[in-house]
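Notes for the one structure printed next.
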Amino acid sequence: MTPNARRGSLARVEVPSRTELYVDRRFLPLADRFFAMYRQPQQGGGALVVYLGGEKVLDIWAGNADRDRRWDHDTVSLSFSTGKGVASTVVHRLAERGLIDYDAPVAQYWPEFAAAGKDKITVRELMSHRAGLHRVRGLMPHPLDLMDYDAVVAALAAEKPDPRRLRGPGYHAVTYGWLVAELVARVSGQPFIDVVQAEIAKPLGVDEFWYRVPETERPRIAKLFPHINPAGLNWAFASTVLSHVGPTRGLAEAAMPDGFDVMVRNPAVNDAVMPGWNGVFSARALAKMYGAIANGGVIDGKRFLKESTIDQMSTIQTRDRDYVLAVRPNWTLGYHPPIIAARRQPRNAIGHYGVGGSGAYADLSSGLSLGFTTNRLGSAVTALGDLRLARLGAEAQELVRRI
C-alpha cells in the first residue's frame, strides 16, 4: 500500500528576541547589498542568512511580505525548486544508515516503479535526473490533479521513461520531488513530510522545512508576486507554444504543466505534497542545513551527516548535456553547483536554486553556506532567470576570500 505523503569580531544589531538582526562586521558589505534590494514596496521582501565554519555570521531581512505587512523574523516563503535540495538531503540521511543504496534499483524499494521498463533504473540515476521521467505536462488529466500525491506517484510509476536518458540527464523540474518523496516513504514506511521533520527539522532544531504547511503557521507565508508569465506572455499561451518548438519542448514538458500559474496562487498548495516545487522555508532553515554540510557535517556541536556521505553527495554524476535545460548542469546527487555572478565559480559547492530567486548552497571548500528567500519573483518581465542570489553569492565569496 502506498504510504500517504499528504498526511571573528562580531557586530550585532540587537532588538528583543524573535526580531533580532545579526551581522558579523566582516559581512557588512553583503548586508548593505541585500538591503539595497528592498528599498521600495514594489521590490517585495526577503531574508538572507549566512553561516561560515558552522557559525552564523548574518541573519537579516527587509521589505514587504505583503502590501500591508513587513517581512520579519518569522516570515517564510514558497521557494520552488529550492526544496529539491532539502528532499535530497533526506535521502542521504537514510542512505547513511544503510536504508538506501544509491546503486540499487528504485524498484527494490518501490516495486510498482519497475513498470514500463524502469526495473533497472537506480537511485543514483534518479537523483541525477537520469530516470527519463521529466514529463509533468500532460501527466495528469486535469491541472489540479497534481495536488493528489497518490495519483501522481501512481502515474509516474506507470510512466515509460524517455529514451534520451541513456544519452544524458533531463532535468526533472517538477517530478523529481514526488519520485524522491515516494522513495523515502517506501523505505521508511512513513509519510514523507513526517520523515522530513524527523531527519531534517528536529536534528537541526529549526521548524521551517514544510511541504505541507501547518494551519497555524500559514499567516507567516509571504505573498508571491508577480504572476509567473514567461517573457511577459500568458502562461497557457507560452507553455503551449514552447511545447511545440523543438529546442524548448523538453523544458515545457518538464516545467510548464497546464494551469501551473494559477495553481501557484492557490492556497490549497499548502495542503498538498509536491516537493519538487511547493516547499515553504525560512532562509534561516535553509542556511543552517547547508551550514552543516559546508562544515563537514557538523552544526551546533552535533553531527548531522558523515563526511563520507557529503563526499558522495557532492560528487558530479554526469557532465553530459541536459536534454531539458540544453546545458551541462553537472548534476550531483540531488544538487547542482551554485552559480554566482563572478568570473571565479566555487569549485566544490552544492545547492539548489528555485525559480524566481530563492535558493541555498554550501561551499565545501570555504565552509560558507547561504540561504536566501524572497517573494518578489524575478523581474517585472519574467519570473525566470534571476540574478539576485548570484550577486549575493559573489559578494559573500569575495568577503570569505578576504578573511
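The values are calculated or read from the model by the stated rules, or taken from the named source; none is laboratory data. Quantities reported herein were computed from a predicted structural model and do not represent experimental measurements. Cβ placement follows ideal geometry from the backbone for every residue including glycine, while neighbour counts extend to all protein chains displayed. The area values use the complete protein model at the heavy-atom level, side chains included, leaving out ligands, DNA and RNA. Shrake-Rupley method; radii C 1.70, N 1.55, O 1.52, S 1.80 Å.
Based on what the data block shows, is Leu133 closer than 19 Å to Gly276 by Cα, assigned to a helix (DSSP H, G or I) and open to solvent by less than 50 Å² (accessible area, probe 1.4 Å)?
So Leu133 does not fit the description; no.
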Take the residues in the stretch 281-324 that are part of a loop (DSSP other than H, G, I, E, B) and touching a helix residue (DSSP H, G or I) at 6+ places or on another chain (Cβ under 7 Å); name whichever of them is nearest to Glu208 (Cα to Cα). Phe304
Can you tell me which residue is least open to solvent (accessible area, probe 1.4 Å) among those in the stretch 1-40 that are assigned to a loop (DSSP other than H, G, I, E, B) and at pLDDT 50 or above? Tyr38
Selection from the stretch 141-198 of residues that are of a type in the set (D, E, K, R), surrounded by 18 or more Cβ atoms within 10 Å (Cβ to Cβ) and assigned to a helix (DSSP H, G or I): Arg165, Glu182, Arg186
Only one residue in Thr374, Thr318 is within 30 Å of Gln42 (Cβ to Cβ), hydroxyl-bearing (Ser, Thr, Tyr) and more than 12 Å from the chain's Cα centre (by Cα). Which one? Thr374
Against the definition (charged (D, E, K, R), touching an Asp or Glu at 6+ places or on another chain (Cβ under 8 Å), closer than 22 Å to Val49 by Cα and open to solvent by 10 Å² or more (accessible area, probe 1.4 Å)), how does Arg328 come out, yes or no? no
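Check Gly117, Gly138 and return the single one that is closer than 28 Å to Thr318 by Cα, surrounded by fewer than 16 Cβ atoms within 10 Å (Cβ to Cβ) and at pLDDT below 95.
Gly138
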Determine whether the stretch 50-60 contains at least one residue that is among the aromatic types (Phe, Trp, Tyr), within 24 Å of Gly367 (Cα to Cα) and part of a helix (DSSP H, G or I). no
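Results for (1) more than 30 Å from Ala254 (Cα to Cα); (2) crowded, with 22+ Cβ neighbours inside 10 Å; (3) touching a His at 6+ places or on another chain (Cβ under 9 Å), shown as yes or no for each residue.
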| residue | (1), (2), (3) |
| --- | --- |
| Thr309 | no, no, yes |
| Thr318 | no, no, yes |
| Val324 | no, yes, yes |
| Ala342 | no, no, no |
| Gly357 | no, yes, no |
| Ala360 | no, yes, yes |
For a quick check of your reading of the model, give me the residue pairs whose first member lies in the stretch 290-311 and is within 16 Å of Val91 (Cβ to Cβ), whose second is open to solvent by 80 Å² or more (accessible area, probe 1.4 Å) and at pLDDT 95 or above, with beta-carbon atoms closer than 7 Å and at least 6 apart or on different chains. Gly297/Arg303; Gly297/Lys306; Gly297/Glu307
Collect the residues in the stretch 62-76 that are open to solvent by 30 Å² or more (accessible area, probe 1.4 Å), touching a strand residue (DSSP E or B) at 6+ places or on another chain (Cβ under 8 Å) and within 29 Å of Phe304 (Cα to Cα), keeping them in residue-number order. Asp72, His73
Conditions (1) surrounded by 24 or more Cβ atoms within 10 Å (Cβ to Cβ); (2) part of a helix (DSSP H, G or I); (3) polar (S, T, N, Q); number of the one not met by Asn278: (2)
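Here's a check for you: in the stretch 80-115, which residue that is among the polar types (S, T, N, Q) and within 21 Å of Phe209 (Cα to Cα) is nearest to the chain's Cα centre (by Cα)?
Here the residue is Thr82.
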Over the stretch 199-228, the set of residues within 19 Å of Lys56 (Cβ to Cβ) and either open to solvent by less than 40 Å² (accessible area, probe 1.4 Å) or polar (S, T, N, Q) (or both) is Ile200, Ala201, Leu204, Val206, Glu208, Phe209
Total residues in the stretch 141-164, condition over 18 Å from Asn266 (Cα atoms) and modelled with pLDDT of 95 or more: 15
Determine whether Val76 is under 18 Å from Thr374 (Cα atoms) and touching an Asp or Glu at 6+ places or on another chain (Cβ under 9 Å). yes
